[in-house]
1. Tally Lys and Arg at +1 and Asp and Glu at -1 over the other residues with C-beta under 13 Å from the C-beta of Ile210: what net charge comes out?
2. Tell me, what % of the accessible area of the chain is carbon and sulfur with a 1.4 angstrom probe?
3. Which residue, chosen from Leu135, Pro70, Thr96, occupies the Cα position most advanced towards the positive end of the dipole of segment 67-198, where the dipole is computed from +1 (Lys, Arg) and -1 (Asp, Glu) charges on Cβ about the Cα centre?
4. Dipole magnitude of segment 1-126 about its Cα centre, charges +1 at Lys/Arg Cβ and -1 at Asp/Glu Cβ only, in debye to the nearest 20?
5. Can you give the local net charge around Trp74? Use residues other than it whose beta-carbon is closer than 10 angstrom to its beta-carbon, Lys and Arg +1, Asp and Glu -1.
6. Using R₀ = 30 Å, calculate the FRET efficiency as 1/(1 + (r/R₀)^6) where r is the Cβ-Cβ separation of Lys40 and Asn190; round to 0.05.
7. What accessible area per residue, rounded to a whole number of Å², is obtained for segment 112-213 using a probe radius of 1.4 Å?
8. Helix 22-38 against the longest principal axis of the chain: what's the angle in degrees, Cα atoms only, rounded to the nearest 10?
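The values are calculated or read from the model by the stated rules, or taken from the named source; none is laboratory data. Bear in mind the structure is a predicted one, so any value in this text is a computation, not a measurement. Neighbour counts run over all protein chains shown; Cβ positions are idealised from the backbone, glycine included. Each accessible area value is taken on the protein alone, full model and side chains, heavy atoms only, with ligands, DNA and RNA left out. Shrake-Rupley method; radii C 1.70, N 1.55, O 1.52, S 1.80 Å.
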Amino acid sequence: MKPIKHVWFDMEGTLTVHTPKWESAHNKLLLETYSEVTGKPVSDQLWREYCAIYVQQGTHSAAFRSLGLPSDFWQLRFAKLDEEKYYAPDERVYATLNKIRNVVPISLFSNAKPDRIARTLKVIEVDSGWFTHILSGDEVPERKPELHGFHRLIELSALDPGEILYVGDRVKADIDPAKSLGMQTALVWNSDVSADYSFENFANLKTLFIHSQ
């Protein structure tokens, strides 16, 4: 593989570590939103129906877009979840980013809207100034897993795709699109053979750049 000259990170689920109440609040909002969109009552069957769409589409933004809704529909609803209530700073994330940025430029590409990105980074104690570029879902025609944003981050990096590492937490949303354009990929908080690298502990990502640790 080529030397990595720029690292791009997903945000939600990649840099964010959730409090215990996150999953129930997030899933409740998803189900209520899907119920409202479809006009069907909330039920376990409706949840399974939505999950099937999500698995097929790869992201919640894409799932609701597949129902004919605007690209930012889910992100506007997602904004109802309070970052300070459901996110927690994690040293494995902010300390690792701080170390990597001193070795190679880092940037951020997220489906989130710009104000959500700014608020989230503040809560998780990641300095927005660490990133060379911050690319939001509002700045591309369609959100992940569509390829518009990945093409754009390659342009912004001004590098061969093989010199860029994209780091995310989901195979269909992050790893597959980045790999399809020739980027190197790293999956965090999980492992999968689809990714070039997998790190179940985010902090171990720095071993790609700081070999003594």
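1. +3
2. 50 percent
3. Pro70
4. The calculation lands at about 380 debye.
5. Residues close to Trp74 contribute a combined charge of +2.
6. 0.45
7. Result: 44 Å² of accessible area for each residue.
8. It works out to around 50 degrees.
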